[in-house]
(Lines give C-alpha, C1' and ligand atoms only; values in the text may rest on other atoms or scores of the structure.)
Protein backbone atom coordinates (compact mmCIF):
# COMPACT_ATOMS: atom_id res chain seq x y z
CA UNK A 1 0.00 0.00 0.00
CA UNK A 2 1.31 3.41 -0.92
CA UNK A 3 -0.03 6.21 1.20
CA UNK A 4 0.13 9.83 0.08
CA UNK A 5 -0.85 12.85 2.13
CA UNK A 6 -1.98 15.94 0.27
CA UNK A 7 -1.47 19.13 2.25
CA UNK A 8 -4.19 21.32 0.73
CA UNK A 9 -3.18 24.51 2.48
CA UNK A 10 -1.79 27.58 0.67
CA UNK A 11 0.41 28.06 3.74
CA UNK A 12 2.28 24.84 2.93
CA UNK A 13 4.75 23.71 5.55
CA UNK A 14 3.74 26.47 7.97
CA UNK A 15 0.08 25.48 7.88
CA UNK A 16 -2.38 24.32 10.50
CA UNK A 17 -3.03 21.47 8.04
CA UNK A 18 0.56 20.31 8.48
CA UNK A 19 0.07 20.14 12.22
CA UNK A 20 -3.08 18.02 11.84
CA UNK A 21 -1.21 15.80 9.36
CA UNK A 22 1.60 15.28 11.88
CA UNK A 23 -0.96 14.13 14.46
CA UNK A 24 -2.60 11.73 12.01
CA UNK A 25 0.56 10.22 10.59
CA UNK A 26 2.86 9.97 13.60
CA UNK A 27 2.49 6.18 13.74
CA UNK A 28 2.47 5.68 9.98
CA UNK A 29 5.44 4.47 8.04
CA UNK A 30 6.40 5.49 4.53
CA UNK A 31 4.10 8.42 4.11
CA UNK A 32 4.79 10.65 1.15
CA UNK A 33 3.59 14.23 1.37
CA UNK A 34 2.70 16.62 -1.43
CA UNK A 35 1.90 20.31 -1.03
CA UNK A 36 -0.68 22.06 -3.21
CA UNK A 37 1.08 25.33 -2.30
CA UNK A 38 3.83 24.26 -4.71
CA UNK A 39 1.68 25.26 -7.68
CA UNK A 40 4.42 24.71 -10.23
CA UNK A 41 4.83 21.15 -8.97
CA UNK A 42 1.20 20.04 -9.43
CA UNK A 43 2.04 17.99 -12.53
CA UNK A 44 4.96 16.37 -10.75
CA UNK A 45 2.71 15.62 -7.77
CA UNK A 46 0.28 13.78 -10.07
CA UNK A 47 2.93 11.12 -10.65
CA UNK A 48 3.03 10.54 -6.90
CA UNK A 49 -0.77 10.52 -6.75
CA UNK A 50 -1.02 8.03 -9.60
CA UNK A 51 1.45 5.70 -7.93
CA UNK A 52 -0.41 5.60 -4.58
CA UNK A 53 -3.57 3.80 -3.56
CA UNK A 54 -4.53 5.60 -0.35
CA UNK A 55 -4.83 9.34 0.25
CA UNK A 56 -5.35 11.78 3.05
CA UNK A 57 -6.25 15.28 1.87
CA UNK A 58 -6.28 18.07 4.46
CA UNK A 59 -7.36 21.62 3.70
CA UNK A 60 -8.58 24.79 5.45
CA UNK A 61 -11.95 26.33 4.60
CA UNK A 62 -11.46 29.39 2.34
CA UNK A 63 -14.59 31.38 1.48
CA UNK A 64 -16.85 28.41 2.18
CA UNK A 65 -14.95 25.71 0.29
CA UNK A 66 -11.48 24.41 -0.52
CA UNK A 67 -8.80 27.02 -1.37
CA UNK A 68 -8.51 27.90 -5.08
CA UNK A 69 -5.17 26.16 -5.50
CA UNK A 70 -6.55 23.02 -3.83
CA UNK A 71 -9.41 23.04 -6.34
CA UNK A 72 -6.86 23.36 -9.16
CA UNK A 73 -5.07 20.31 -7.71
CA UNK A 74 -8.34 18.34 -7.54
CA UNK A 75 -9.06 19.22 -11.18
CA UNK A 76 -5.72 17.64 -12.08
CA UNK A 77 -6.54 14.57 -9.96
CA UNK A 78 -9.85 14.20 -11.80
CA UNK A 79 -7.93 13.73 -15.05
CA UNK A 80 -6.15 10.57 -13.89
CA UNK A 81 -7.58 7.16 -13.09
CA UNK A 82 -8.24 6.97 -9.35
CA UNK A 83 -10.65 4.02 -9.46
CA UNK A 84 -10.72 1.82 -6.34
CA UNK A 85 -8.22 4.04 -4.50
CA UNK A 86 -9.36 5.15 -1.05
CA UNK A 87 -9.43 8.66 0.35
CA UNK A 88 -9.94 10.52 3.60
CA UNK A 89 -10.51 14.27 3.85
CA UNK A 90 -9.99 16.72 6.69
CA UNK A 91 -11.67 20.12 6.45
CA UNK A 92 -10.72 22.56 9.19
CA UNK A 93 -12.03 26.04 9.64
CA UNK A 94 -11.44 29.16 11.69
CA UNK A 95 -15.17 29.20 12.48
CA UNK A 96 -16.11 27.23 15.57
CA UNK A 97 -19.17 25.46 14.19
CA UNK A 98 -18.92 22.54 11.74
CA UNK A 99 -21.99 23.79 9.83
CA UNK A 100 -19.66 26.06 7.79
CA UNK A 101 -17.75 23.08 6.40
CA UNK A 102 -20.62 20.65 5.76
CA UNK A 103 -21.32 21.71 2.17
CA UNK A 104 -17.73 21.25 1.01
CA UNK A 105 -17.74 17.95 2.92
CA UNK A 106 -20.60 16.88 0.62
CA UNK A 107 -18.45 17.90 -2.35
CA UNK A 108 -15.57 15.74 -1.05
CA UNK A 109 -17.94 12.75 -1.02
CA UNK A 110 -19.17 13.69 -4.50
CA UNK A 111 -15.60 13.98 -5.85
CA UNK A 112 -14.81 10.52 -4.43
CA UNK A 113 -17.90 8.99 -6.04
CA UNK A 114 -17.34 10.73 -9.39
CA UNK A 115 -13.84 9.23 -9.50
CA UNK A 116 -15.08 5.77 -8.46
CA UNK A 117 -12.90 5.94 -5.35
CA UNK A 118 -13.57 4.54 -1.88
CA UNK A 119 -14.69 7.17 0.62
CA UNK A 120 -13.40 6.42 4.11
CA UNK A 121 -14.78 9.64 5.54
CA UNK A 122 -14.23 13.31 6.22
CA UNK A 123 -13.12 14.93 9.47
CA UNK A 124 -14.56 18.38 10.11
CA UNK A 125 -12.86 20.53 12.72
CA UNK A 126 -13.65 24.09 13.77
CA UNK A 127 -11.59 26.71 15.55
CA UNK A 128 -8.39 25.77 13.75
CA UNK A 129 -6.88 29.27 13.55
CA UNK A 130 -5.97 28.85 17.23
CA UNK A 131 -3.43 26.28 16.02
CA UNK A 132 -1.13 29.14 14.97
CA UNK A 133 -0.48 30.00 18.60
CA UNK A 134 -1.82 27.23 20.85
CA UNK A 135 0.33 24.39 22.23
CA UNK A 136 -0.74 20.77 21.67
CA UNK A 137 -2.17 20.66 25.20
CA UNK A 138 -4.76 23.29 24.20
CA UNK A 139 -6.44 20.77 21.93
CA UNK A 140 -6.88 18.26 24.76
CA UNK A 141 -8.05 14.90 23.53
CA UNK A 142 -8.59 16.11 19.95
CA UNK A 143 -4.98 15.35 19.13
CA UNK A 144 -5.50 11.75 20.33
CA UNK A 145 -8.71 11.46 18.27
CA UNK A 146 -6.82 12.55 15.15
CA UNK A 147 -4.12 10.01 15.94
CA UNK A 148 -6.76 7.26 16.26
CA UNK A 149 -8.31 8.32 12.94
CA UNK A 150 -4.83 8.05 11.45
CA UNK A 151 -4.87 4.41 12.55
CA UNK A 152 -8.21 3.92 10.75
CA UNK A 153 -6.53 5.12 7.55
CA UNK A 154 -3.56 2.79 8.01
CA UNK A 155 -5.94 -0.16 8.34
CA UNK A 156 -8.05 1.00 5.40
CA UNK A 157 -11.09 1.26 7.66
CA UNK A 158 -13.99 3.69 7.56
CA UNK A 159 -13.34 6.57 9.96
CA UNK A 160 -14.75 6.08 13.46
CA UNK A 161 -18.02 8.05 13.48
CA UNK A 162 -17.90 8.62 17.24
CA UNK A 163 -14.47 10.27 16.92
CA UNK A 164 -15.65 12.42 14.00
CA UNK A 165 -18.52 13.61 16.17
CA UNK A 166 -16.20 14.37 19.09
CA UNK A 167 -13.86 16.42 16.90
CA UNK A 168 -16.70 18.31 15.21
CA UNK A 169 -18.59 19.15 18.41
CA UNK A 170 -22.02 20.80 18.34
CA UNK A 171 -23.26 21.54 14.84
CA UNK A 172 -24.48 25.00 15.82
CA UNK A 173 -24.21 27.22 18.87
CA UNK A 174 -26.78 26.72 21.60
CA UNK A 175 -28.73 29.80 22.73
CA UNK A 176 -26.74 29.69 25.95
CA UNK A 177 -23.42 29.71 24.08
CA UNK A 178 -24.56 32.63 21.90
CA UNK A 179 -25.28 34.56 25.09
CA UNK A 180 -21.84 33.69 26.51
CA UNK A 181 -20.12 34.66 23.24
CA UNK A 182 -21.60 38.15 23.49
CA UNK A 183 -19.53 38.75 26.60
CA UNK A 184 -16.32 37.05 25.51
CA UNK A 185 -13.50 39.23 24.15
CA UNK A 186 -13.36 37.33 20.83
CA UNK A 187 -11.65 40.27 19.07
CA UNK A 188 -8.60 39.94 21.30
CA UNK A 189 -6.61 37.58 19.09
CA UNK A 190 -6.98 39.78 16.00
CA UNK A 191 -6.40 43.02 17.90
CA UNK A 192 -3.17 41.71 19.38
CA UNK A 193 -1.93 40.77 15.90
CA UNK A 194 -2.97 44.19 14.54
CA UNK A 195 -1.20 45.97 17.39
CA UNK A 196 1.93 43.90 16.91
CA UNK A 197 2.03 45.11 13.30
CA UNK A 198 1.28 48.72 14.22
CA UNK A 199 -1.95 48.47 12.19
CA UNK A 200 -4.56 48.62 14.97
CA UNK A 201 -5.64 52.19 14.19
CA UNK A 202 -6.26 51.19 10.57
CA UNK A 203 -8.22 48.03 11.41
CA UNK A 204 -11.55 49.37 10.11
CA UNK A 205 -10.09 51.11 7.03
CA UNK A 206 -12.11 51.10 3.83
CA UNK A 207 -9.38 51.72 1.23
CA UNK A 208 -11.68 51.32 -1.79
CA UNK A 209 -14.82 53.15 -0.67
CA UNK B 1 -26.72 49.80 -10.55
CA UNK B 2 -23.07 48.78 -10.20
CA UNK B 3 -22.59 45.18 -11.30
CA UNK B 4 -19.49 43.02 -10.84
CA UNK B 5 -19.22 39.84 -12.88
CA UNK B 6 -16.64 37.17 -12.08
CA UNK B 7 -16.18 35.13 -15.23
CA UNK B 8 -14.49 31.86 -14.25
CA UNK B 9 -14.34 30.21 -17.68
CA UNK B 10 -11.00 28.40 -17.88
CA UNK B 11 -11.34 25.69 -20.51
CA UNK B 12 -11.71 25.73 -24.28
CA UNK B 13 -14.96 23.77 -24.01
CA UNK B 14 -16.72 26.81 -22.57
CA UNK B 15 -14.98 29.47 -24.68
CA UNK B 16 -18.05 29.78 -26.88
CA UNK B 17 -19.80 31.50 -23.95
CA UNK B 18 -17.30 34.38 -23.95
CA UNK B 19 -18.82 36.23 -26.91
CA UNK B 20 -22.34 35.90 -25.50
CA UNK B 21 -21.18 37.13 -22.11
CA UNK B 22 -19.52 40.15 -23.71
CA UNK B 23 -22.73 40.90 -25.61
CA UNK B 24 -24.66 40.59 -22.36
CA UNK B 25 -22.32 43.09 -20.68
CA UNK B 26 -22.69 45.53 -23.59
CA UNK B 27 -26.48 45.32 -23.32
CA UNK B 28 -26.42 45.77 -19.52
CA UNK B 29 -24.04 48.73 -19.79
CA UNK B 30 -26.84 50.81 -21.38
CA UNK B 31 -28.55 51.09 -17.98
CA UNK B 32 -25.86 49.95 -15.56
CA UNK B 33 -22.17 50.13 -14.81
CA UNK B 34 -20.73 46.66 -15.33
CA UNK B 35 -17.23 45.43 -14.46
CA UNK B 36 -16.60 41.96 -15.88
CA UNK B 37 -13.47 40.16 -14.73
CA UNK B 38 -12.40 37.29 -16.95
CA UNK B 39 -10.08 35.67 -14.46
CA UNK B 40 -8.18 33.49 -16.90
CA UNK B 41 -7.14 36.57 -18.93
CA UNK B 42 -5.94 38.38 -15.81
CA UNK B 43 -2.94 38.23 -13.53
CA UNK B 44 -4.55 37.07 -10.28
CA UNK B 45 -2.57 35.17 -7.66
CA UNK B 46 -4.10 32.51 -5.46
CA UNK B 47 -4.78 33.74 -1.91
CA UNK B 48 -1.88 32.49 0.21
CA UNK B 49 -3.70 32.79 3.56
CA UNK B 50 -1.23 35.34 4.98
CA UNK B 51 -4.01 37.48 6.54
CA UNK B 52 -2.07 40.66 5.67
CA UNK B 53 -5.39 42.14 4.52
CA UNK B 54 -6.66 41.70 8.08
CA UNK B 55 -3.69 42.30 10.38
CA UNK B 56 -0.97 44.22 8.49
CA UNK B 57 -2.54 46.43 5.83
CA UNK B 58 -6.27 46.30 6.68
CA UNK B 59 -8.39 45.97 3.54
CA UNK B 60 -5.38 45.71 1.20
CA UNK B 61 -4.12 42.43 -0.23
CA UNK B 62 -0.41 41.61 -0.12
CA UNK B 63 -0.55 40.94 -3.89
CA UNK B 64 -0.48 44.04 -6.10
CA UNK B 65 -1.96 42.27 -9.12
CA UNK B 66 -5.25 42.41 -11.04
CA UNK B 67 -7.03 40.98 -8.00
CA UNK B 68 -6.94 44.52 -6.52
CA UNK B 69 -9.37 45.66 -9.25
CA UNK B 70 -11.79 42.92 -8.23
CA UNK B 71 -11.79 44.06 -4.59
CA UNK B 72 -12.16 47.71 -5.66
CA UNK B 73 -15.19 46.81 -7.77
CA UNK B 74 -16.80 44.61 -5.10
CA UNK B 75 -16.44 47.31 -2.44
CA UNK B 76 -18.90 49.47 -4.44
CA UNK B 77 -21.04 46.92 -6.21
CA UNK B 78 -24.78 46.43 -5.91
CA UNK B 79 -24.72 43.02 -7.56
CA UNK B 80 -21.97 40.42 -7.54
CA UNK B 81 -22.55 37.79 -10.20
CA UNK B 82 -20.39 34.70 -10.49
CA UNK B 83 -20.45 32.91 -13.83
CA UNK B 84 -18.66 29.57 -13.79
CA UNK B 85 -18.34 26.31 -15.62
CA UNK B 86 -18.59 23.16 -13.50
CA UNK B 87 -15.19 21.46 -13.45
CA UNK B 88 -14.81 18.17 -11.59
CA UNK B 89 -18.30 18.77 -10.17
CA UNK B 90 -17.54 22.18 -8.70
CA UNK B 91 -17.11 25.82 -9.72
CA UNK B 92 -13.83 26.20 -11.60
CA UNK B 93 -10.51 26.81 -9.83
CA UNK B 94 -10.33 30.19 -11.61
CA UNK B 95 -13.68 31.14 -10.06
CA UNK B 96 -12.56 29.88 -6.66
CA UNK B 97 -9.28 31.76 -6.96
CA UNK B 98 -11.23 35.01 -7.45
CA UNK B 99 -13.59 34.19 -4.56
CA UNK B 100 -10.69 33.68 -2.16
CA UNK B 101 -9.49 37.18 -3.01
CA UNK B 102 -12.78 38.66 -1.64
CA UNK B 103 -11.27 38.36 1.86
CA UNK B 104 -10.15 42.03 2.21
CA UNK B 105 -13.84 43.06 2.00
CA UNK B 106 -14.43 41.43 5.39
CA UNK B 107 -13.04 42.27 8.82
CA UNK B 108 -11.35 39.53 10.84
CA UNK B 109 -13.87 40.02 13.65
CA UNK B 110 -16.63 37.50 14.17
CA UNK B 111 -20.21 38.24 15.20
CA UNK B 112 -23.26 36.06 15.55
CA UNK B 113 -25.71 36.49 12.67
CA UNK B 114 -28.83 34.28 12.65
CA UNK B 115 -27.26 32.00 15.25
CA UNK B 116 -24.03 31.42 13.27
CA UNK B 117 -20.64 33.04 13.53
CA UNK B 118 -19.71 35.17 10.51
CA UNK B 119 -17.18 37.85 9.75
CA UNK B 120 -18.19 41.49 10.07
CA UNK B 121 -18.24 43.27 6.67
CA UNK B 122 -15.60 45.98 6.09
CA UNK B 123 -17.72 48.08 3.75
CA UNK B 124 -21.20 49.48 4.30
CA UNK B 125 -22.48 48.36 0.93
CA UNK B 126 -24.48 45.11 0.82
CA UNK B 127 -24.59 43.52 -2.60
CA UNK B 128 -26.86 40.83 -3.97
CA UNK B 129 -25.12 37.64 -4.98
CA UNK B 130 -25.77 35.48 -8.02
CA UNK B 131 -24.34 32.25 -9.42
CA UNK B 132 -24.85 31.13 -13.00
CA UNK B 133 -23.45 27.70 -13.86
CA UNK B 134 -22.71 27.03 -17.51
CA UNK B 135 -24.82 24.07 -18.58
CA UNK B 136 -23.73 21.90 -21.46
CA UNK B 137 -26.47 19.43 -20.65
CA UNK B 138 -23.88 17.46 -18.68
CA UNK B 139 -24.54 18.78 -15.18
CA UNK B 140 -25.86 16.28 -12.69
CA UNK B 141 -28.39 17.32 -10.09
CA UNK B 142 -26.23 16.48 -7.09
CA UNK B 143 -23.31 18.64 -8.29
CA UNK B 144 -25.65 21.54 -9.09
CA UNK B 145 -27.22 21.31 -5.61
CA UNK B 146 -23.80 21.33 -3.91
CA UNK B 147 -22.69 24.39 -5.90
CA UNK B 148 -25.95 26.22 -5.17
CA UNK B 149 -25.60 25.40 -1.47
CA UNK B 150 -22.03 26.74 -1.46
CA UNK B 151 -23.35 30.04 -2.83
CA UNK B 152 -25.97 30.12 -0.09
CA UNK B 153 -23.13 29.77 2.41
CA UNK B 154 -21.16 32.52 0.66
CA UNK B 155 -24.24 34.79 0.74
CA UNK B 156 -24.43 34.36 4.52
CA UNK B 157 -20.74 35.12 4.99
CA UNK B 158 -20.85 38.18 2.73
CA UNK B 159 -24.18 39.40 4.10
CA UNK B 160 -25.96 39.40 0.73
CA UNK B 161 -29.60 40.48 1.08
CA UNK B 162 -30.64 38.33 -1.88
CA UNK B 163 -29.10 35.30 -3.58
CA UNK B 164 -29.85 34.00 -7.08
CA UNK B 165 -28.81 30.64 -8.50
CA UNK B 166 -29.33 29.29 -11.99
CA UNK B 167 -27.95 27.01 -14.68
CA UNK B 168 -27.79 28.52 -18.16
CA UNK B 169 -27.28 27.17 -21.66
CA UNK B 170 -25.46 29.08 -24.37
CA UNK B 171 -28.87 29.80 -25.94
CA UNK B 172 -30.40 31.43 -22.86
CA UNK B 173 -27.55 32.76 -20.72
CA UNK B 174 -28.05 36.35 -21.91
CA UNK B 175 -31.74 36.15 -21.05
CA UNK B 176 -31.08 34.51 -17.66
CA UNK B 177 -28.62 37.24 -16.62
CA UNK B 178 -30.54 40.25 -17.98
CA UNK B 179 -33.86 39.03 -16.52
CA UNK B 180 -32.23 38.63 -13.11
CA UNK B 181 -30.59 42.06 -13.23
CA UNK B 182 -33.85 43.68 -14.40
CA UNK B 183 -35.74 42.07 -11.50
CA UNK B 184 -33.54 43.86 -8.95
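The values are calculated or read from the model by the stated rules, or taken from the named source; none is laboratory data. Model, not experiment: these values are computed from the prediction. Don't worry about glycine lacking a Cβ; one is built from the backbone with ideal geometry, like all the others, and counts go over all protein chains shown.
Listed conditions (1) out of contact with any strand residue (DSSP E or B) (no Cβ under 6 Å at 6 or more places or on another chain); (2) farther than 28 Å from residue B:179 by Cα; (3) without any contact (Cβ under 8 Å) to a residue 40 or more places away in the chain; (4) more than 8 Å from every other protein chain (Cβ to nearest Cβ) are all met by residue B:115, apart from (4). Residues in segment A:62-85 that are crowded, with 22+ Cβ neighbours inside 10 Å and not in a helix (DSSP H, G or I) were compared, and the one that is farthest from the other protein chains (Cβ to nearest Cβ) is A:82. If you go through segment B:38-58 and keep only what is surrounded by fewer than 23 Cβ atoms within 10 Å (Cβ to Cβ) and either at positive phi or not in a helix (DSSP H, G or I) (or both), you end up with B:38, B:42, B:43, B:44, B:45, B:48, B:49, B:50, B:51, B:56, B:57.
The residue that is farthest from residue A:120 (Cα to Cα), counting only those in segment A:142-184 that are within 14 Å of chain B (Cβ to nearest Cβ) and touching a residue at least 60 places away in the same chain (Cβ under 8 Å), is A:173.
This table checks each residue for (1) over 21 Å from residue A:71 (Cβ atoms); (2) assigned to a helix (DSSP H, G or I); (3) at pLDDT 95 or above.
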residue	(1), (2), (3)
A:6	no, no, yes
A:9	no, no, yes
A:23	yes, yes, no
A:27	yes, no, no
A:34	no, no, yes
A:37	no, no, yes
A:42	no, yes, yes
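Filtering segment A:189-205 to residues that are assigned to a helix (DSSP H, G or I), within 8 Å of chain B (Cβ to nearest Cβ) and touching a helix residue (DSSP H, G or I) at 6+ places or on another chain (Cβ under 7 Å) leaves A:190, A:193, A:194. Would you mind stating whether residue A:58 is in contact with a helix residue (DSSP H, G or I) (Cβ under 8 Å, 6 or more places away or on another chain) and modelled with pLDDT of 95 or more? Judged against the criteria, residue A:58 is a match.
Residues checked against (1) at pLDDT 95 or above; (2) part of a strand (DSSP E or B):
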residue	(1), (2)
B:60	yes, no
B:65	yes, no
B:70	yes, no
B:75	yes, no
B:112	no, yes
B:131	yes, yes
